[in-house]
Amino acid sequence: MKFADRINSLKPSAIREIFKSMADPNIISLAGGNPDPESFPIKEMEKISAELFERFPSASLQYGLTEGYIPLREQVETRLQKKFGVNTDGNEVIITSGGQQGIDLTCRVLCNEGDTVICEDPSFIGALNSFRSFGTRLRGVKIDDDGMDMEDLERALQTEKNVKFIYTIPTFQNPTGVCMSLERRKKLLSLAEKYDVVILEDNPYGELRFRGEDIPTLKSLDKNNRVVYCSSFSKIFSPGIRIGFLCGPKEIIAKTVVAKQINDVHSNLFFQMMISKYIEEYDLDAHIESIKNIYRGKCLAMQDAVSRYFPKNIKCTSPDGGFFLWCNLGEGKDSSAFAKELMRNSVAVIPGATFAADETRISDGIRLNYSMPSLANIEKAIKIMGDVLNSDFYN
């Protein structure tokens, strides 16, 4: 078979490939990014589903608007204004099939083949592969505990050609869990203004802060409609429904609507109506608070286990929200080899090279997920990892 060049060069997601190994019940996975099923509002969803089928069977199962179900779009816009301080003047909201489609559509409407996308390094593999599929060049910018390094970012903006946008996950970044400081957010916006580039702010974890004070989103600080804001209901409601949204400048969203019409026509209308009804009839913020309590306990359990079982020279991030810890095994170490050894010991993790802008680069980082495994499995898996880290294999 002869495949398109843009597909031939893509590799399968290491995360999705590892999922195929999860059929073995003896494997403990710290590899995925799934929400805890206990966070799904199942009883409420059951009640709303019955109501939709009884009262709105035709409307909920028909074609819908590409822009999204109007009541949900209005609810999203109101929530962005009231909870996140986003000024939606000059902006529009479109409902997408998960946050992933929002990322993909933004690249689709802004980038030509050969253009440059600047991203954090490491970054979300789903976004990186989307950008690669359009033939863009990726320029990674190093990050630390305060997020993207602004000096490295400015060097990239000065030297790279045809930079179309900067992709960032400023709040509880995937894969590291770090949060960009307010000072750096302001600097990022000023650099985007100086070099006339768009910012794609991906914020799937922003509402899952379980420690510390909220930091304003880039979109709320955006005075000149330069930020395209992407989020979803996957982490606060359910990922299987595949409902996300973009909020961005009207000109960009208008083109996004056209691109979506030739992509999937519209997002799942039934689940759009379900979320809208949930927001109308229940307290979404109270639901999110209950979710945060789950993840607070799991994160603390993982951090405590790491402190007891890992060698002291292993550096790990200390997230205040989100789903992930990031650990560096040490300079010169290859986390891909470490991940293979862990799999032989029935623990699955994602090696850092998976998240690198340069796929050929060796990484000493590993991403650990605490949202999905049970407390008992967190303890067991981290102890196994500690045993391997202290073994002859690692040393």
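The values are calculated or read from the model by the stated rules, or taken from the named source; none is laboratory data. None of these values were measured; they are calculated from a predicted model. Methodologically, a virtual Cβ is constructed for each residue, glycine included, from the backbone with ideal geometry; neighbour enumeration extends over all protein chains shown. Keep in mind that these areas ignore ligands, DNA and RNA; they rest on the heavy atoms of the full protein, side chains included. Shrake-Rupley method; radii C 1.70, N 1.55, O 1.52, S 1.80 Å.
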Those residues of region 291-319 which are out of contact with any Asp or Glu (no Cβ under 9 Å at 6 or more places or on another chain) and under 16 Å from LYS235 (Cβ atoms), in sequence order: ASN293, ARG296, PRO319
Filter result (closer than 14 Å to TYR167 by Cα and surrounded by fewer than 24 Cβ atoms within 10 Å (Cβ to Cβ)) within region 105-118: CYS107, ARG108, LEU110, CYS111, ASP115, THR116
Top-ranked residue of region 227-257 - restricted to ones that are closer than 23 Å to PHE165 by Cβ and without any contact (Cβ under 8 Å) to a residue 60 or more places away in the chain, ranked as least open to solvent (accessible area, probe 1.4 Å): VAL227
Residues of region 287-326 classified as of a type outside the set (D, E, K, R), within 18 Å of the chain's Cα centre (by Cα) and surrounded by 14 or more Cβ atoms within 10 Å (Cβ to Cβ), total: 12
Condition broken by LEU325, with the remaining ones in (1) assigned to a loop (DSSP other than H, G, I, E, B); (2) touching a strand residue (DSSP E or B) at 6+ places or on another chain (Cβ under 7 Å); (3) among the aliphatic types (A, V, I, L, M) satisfied: (1)
Segments classed as strands (runs of 3 or more DSSP E), wholly inside region 71-150, with at least 2 members that are closer than 22 Å to LEU284 by Cβ and within 17 Å of the chain's Cα centre (by Cα): 91-96
Selection from region 162-202 of residues that are touching a Ser or Thr at 6+ places or on another chain (Cβ under 6 Å), open to solvent by less than 10 Å² (accessible area, probe 1.4 Å) and assigned to a loop (DSSP other than H, G, I, E, B): THR176, GLY177
Some residue of region 181-204 being in contact with a strand residue (DSSP E or B) (Cβ under 9 Å, 6 or more places away or on another chain), more than 21 Å from PHE245 (Cβ to Cβ), of a type in the set (Phe, Trp, Tyr) and touching a residue at least 60 places away in the same chain (Cβ under 8 Å): no
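A quick yes/no check of all residues on (1) farther than 19 Å from ASN225 by Cα; (2) surrounded by fewer than 19 Cβ atoms within 10 Å (Cβ to Cβ); (3) touching a residue at least 40 places away in the same chain (Cβ under 8 Å):
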residue: GLU46; (1), (2), (3): yes, yes, no
residue: SER49; (1), (2), (3): yes, yes, yes
residue: ALA59; (1), (2), (3): yes, yes, yes
residue: GLN62; (1), (2), (3): yes, yes, yes
residue: TYR69; (1), (2), (3): yes, no, yes
residue: THR78; (1), (2), (3): no, yes, no
residue: GLY90; (1), (2), (3): no, yes, yes
Residue within region 280-293 that is touching a His at 6+ places or on another chain (Cβ under 9 Å) and within 18 Å of THR78 (Cα to Cα) present: no
Output for region 207-217, where each listed residue is part of a loop (DSSP other than H, G, I, E, B), touching a residue at least 60 places away in the same chain (Cβ under 8 Å) and surrounded by fewer than 24 Cβ atoms within 10 Å (Cβ to Cβ): GLU207, PHE210, ARG211, GLY212, PRO216, THR217
Residue pairs meeting the criteria (Cβ under 9 Å; at least 6 apart or on separate chains; first free of Cβ contacts under 8 Å to residues at least 12 places away in the same chain and over 26 Å from PHE323 (Cβ atoms), in region 150-172; second open to solvent by less than 20 Å² (accessible area, probe 1.4 Å) and among the β-branched types (Val, Ile, Thr)): ARG155/VAL141
